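All remarks here apply to the structure that follows.
Every read-out reported here was derived from the displayed coordinates using simple, explicitly stated rules and does not represent laboratory data. Keep in mind the model is a prediction, meaning the values are calculated, not measured. No Cβ is skipped: glycine too gets one built from the backbone with ideal geometry, and neighbour counts run over all protein chains shown.
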Amino acid sequence: MPPSSLRVVYAFAREMHPKTSDVFIQYGTAGFRTKANLLEHVVYRMGLLAVIRSRVKNGRTIGIMITASHNLEPDNGVKLIDPDGEMLEQSWEEIATRLANVSDNDLESTTAEVIKQVNADMALKASVFIGMDTRYTSPRLAAAAANGVIALKGTPKEFGIVTTPMLHYCVKCRNDNTYGTPTEEGYYEKIVGAFKNIRQKLPVYGEYNTTLYVDGANGVGGKKLNIIKKTLDGELDLHLYNLGGNGGKLNLNCGADFVKVSQKPPVGVEHVPFQRVASLDGDSDRIVYYYMDDKDNMILLDGDRIATLLASYVTQLLKSAEAADLKLGLVQTAYANGASTRYITEELKVPVSCVKTGVKHLHHAALSFDIGVYFEANGHGTVVYSDKAKKTIGNIASEGEPEQRKAAQLLLNLIDMTNETVGDAISDLFLVETVLCARGINAKQWLQSYTDLPSRQLKVTVQDRNAISTTDAERRCTSPEGLQNRIDALVAKYKSGRSFVRPSGTEDVVRVYAEADTSKSADKLASEVAQAVFDLAGGVGTRPEL
Ligand code: G16
């Protein structure tokens with residue numbers, strides 16, 4: 001592409017997607033997120049960037065997902081997906097931020113600079129897959145992304161409304177046809193097909209029953225499960241709630257984030273004592289489970305529980321398959337409940353690493369194991385299997401002794417059922433149901449592996465959340481001065497106390513996490529730390545109450 005044709009980059013921007021706001025925007029935990037009306041120019045520019053990225057990757061397909069995932073309806077967002085279905089390489093986040101913030105007048109020259117900086121061959125073909133969630137602002141933003149792709153002579157392919165993990169999966173398949181077919185139908189075939197396959201080998205027994213209630217967060221995941229439900233032949237009896245009808249608003253008082261953070265059941269779901277419920281988030285990349293007991297208390301089974309359930313089952317199968325040389329490890333963040341980490345290291349005897357929030361960090365760390373299980377406590381996670389693991393398991397499945405073969409074949413089905421590209425609520429749901437069925441256990445028995453320390457999460461609004469800097473996988477803060485000392489002093493007052501603060505990368509807030517031996521103590525510690533943040537980091541609005 002000759003440099004003169006970059007003129008269209010400016011023309012499209014000025015005529016169709018002008019930058020109308022001077023608010024600085026940053027590529028955060030999962031891309032750009034803010035009020036939808038501030039995003040059109042940003043998404044257009046991400047269309048440009050996706051084309052450049054595709055060319056740097058020799059024409060391999062890049063993904064653009066329009067979603068603000070767990071955020072409420074007025075927000076929206078955009079994130080880029082790399083050729084292997086992973087999040088955009090981190091070194092490009094700074095480039096994305098630069099491109100998003102320049103004026104329209106400087107867009108043409110900045111685009112040229114970026115092309116030069118990353119050494120993109122603009123003569124190559126470029127392919128970009130675009131997907132969106134159910135927000136009413138998403139179609140307009142998806143069109144802006146497509147225009148960005150067209151402006152640099154790339155080829156956009158629109159997938160319409162899909163879950164975020166489906167788009168990650170399609171990008172991966174487009175670039176690696178051994179992984180599956182890059183369509184929504186291909187996704188169902190792979191994930192649901194593997195589930196059906198494995199259920200033929202694992203008859204229902206014990207306390208497990210096939211009824212599962214699902215809170216769809218009024219987002220895209222529930223709608224897709226409604227399609228899947230029609231193809232299930234009794235393997236799972238799905239009762240779907242919060243599918244977006246009856247005035248239900250996306251993620252409002254429902255969905256995985258609401259359930260995890262507020263520790264309350266979602267509205268809109270029928271509750272039967274001890275009936276397990278899976279709660280998805282708005283774009284279906286997170287899942288948590290819960291049930292109500294006979295005293296109407298909600299019992300949460302969060303991402304830590306899912307991680308331990310999957311890790312223990314895979315470990316058990318590896319043992320039966322006698323695949324001793326395959327090393328399994330688990331990756332968590334500072335939000336992981338202390339009791340889960342203790343259970344993993346002391347009981348499961350599985351190595352654990354702790355990294356910064358954001359699946360991109362967890363995914364990366366998980367790749368260092370032969371089999372890496374990674375989950376954030378908020379229910380965002382998956383399992384990744386190395387080529388060595390797949391090969392070893394494949395060999396045992398065809399050449400091992402009968403018992404070894406049986407275990408290895410189950411492992412092969414689990415691998416197929418897993419969306420290895422990113423955390424995926426639908427894939428995770430089928431994985432959890434498989435393990436519960438294989439073990440013949442109900443949700444109450446699942447809970448018995450360890451007892452969570454009571455915890456509390458709060459949000460504090462400050463003038464500039466970047467005033468908070470952290471270190472040690474976000475477990476300690478280095479600025480503002482004095483804040484960590486205050487937190488240390490507060491934590492020391494509580495038995496089993498632990499607390500940390502960090503700036504959110506998806507909302508304009510500082511997040512506070514606290515845990516302690518009782519709920520009262522965890523609540524009090526969280527409030528005290530929130531006050532410290534408010535006082536030392538420039539809190540705005542009302543000071544948090546104790
Ligand atoms: C995104 C990220 C997650 C992260 C969450 C909250 O989730 O993908 O890894 O845990 O945001 O991030 P933060 O605390 O920085 O706001 P989602 O489901 O919103 O895409």
Exposure proxy check: Phe159, Phe195 ranked by fewest other beta carbons within 10 Å? Phe159, Phe195
Specify whether the C-alpha gyration tensor of region 187-300 places it in the rounded, prolate or oblate class, a ≥ b ≥ c being the square roots of the eigenvalues: rounded for a/c under 1.5, otherwise prolate if a/b is larger than b/c and oblate if not. oblate
Starting from the exponent 0.38 and prefactor 2.2 Å, build the expected Rg for region 3-161 from its residue count and divide its actual Cα Rg by it. 0.92
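What's the ranking of 42-52, 530-540 by average number of surrounding C-beta atoms within 10 Å, highest first? Display every interim value, and only then the final one.
Values: 42-52: 28.2, 530-540: 20.2.
My ranking of the peptides, most packed first, is 42-52, 530-540.
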Most packed first (mean Cβ within 10 Å per residue), the peptides 94-107, 268-281, 363-376 order as 363-376, 268-281, 94-107
Helix-only [θ]222 nm of the chain, DSSP H runs n ≥ 4, -39500 (n - 2.57) each, per residue, nearest 500: -12500 deg cm²/dmol
Which cross-chain or sequence-distant (5 or more) residues have an amide H under 5 Å from the amide H of Phe129, H modelled 1.01 Å from N in plane? Ile62, Gly63, Ile64, Lys157
Where both residues lie in region 3-161, what percent of DSSP beta bridges are antiparallel, nearest 5? 50 percent
Within straight cross-link reach of Lys116, meaning Cα distance under 22 Å, which lysines are found once same-chain residues fewer than 8 apart are removed? Lys57, Lys125, Lys153
Lys and Arg at +1, Asp and Glu at -1: neighbours of Glu376 with Cβ under 10 Å from its Cβ sum to 0
Amide proton proximity set for Asn209, modelled H, under 5 Å, gap of 5+: none
Show me, for region 11-19, the HN-Hα J-couplings you get by feeding each phi into the Karplus relation (A = 6.51, B = -1.76, C = 1.60, θ = phi - 60°), rounded to Hz, glycine and proline as x. 4, 4, 4, 5, 7, 10, 10, x, 7
Using the Karplus curve 6.51 cos²θ - 1.76 cosθ + 1.60 with θ = phi - 60°, what ³J(HN,Hα) values do you get for each residue of region 32-38, in whole Hz, with x for Gly and Pro? 8, 9, 5, 4, 4, 6, 9
Could you give me the ³J(HN,Hα) list for region 442-457, computed from phi with Karplus coefficients 6.51, -1.76, 1.60 and θ = phi - 60°, whole Hz, x at Gly and Pro? 9, 5, 5, 6, 4, 5, 6, 4, 7, 10, 4, 6, x, 9, 8, 10
Counting only DSSP beta bridges with both residues in region 187-300, tell me the antiparallel percent, nearest 5. 45 percent
Which of the residue pairs Lys295/Lys495; Lys260/Lys406; Lys224/Lys319; Lys190/Lys260; Lys295/Lys524 have a Cα-Cα distance greater than 31 Å in the structure shown? Lys260/Lys406; Lys224/Lys319
Which FRET efficiency value, to the nearest 0.05, do you get for Ala123 and Leu72 by plugging their Cβ-Cβ distance into 1/(1 + (r/R0)^6) with R0 = 45 Å? 0.55
Of all the C-alpha pairs in the chain, what % are more than 41 Å from each other? 21 percent
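Give me the percent of DSSP beta bridges within the chain that run antiparallel, rounded to the nearest 5.
Among the beta bridges of the chain, antiparallel pairing accounts for roughly 60 percent.
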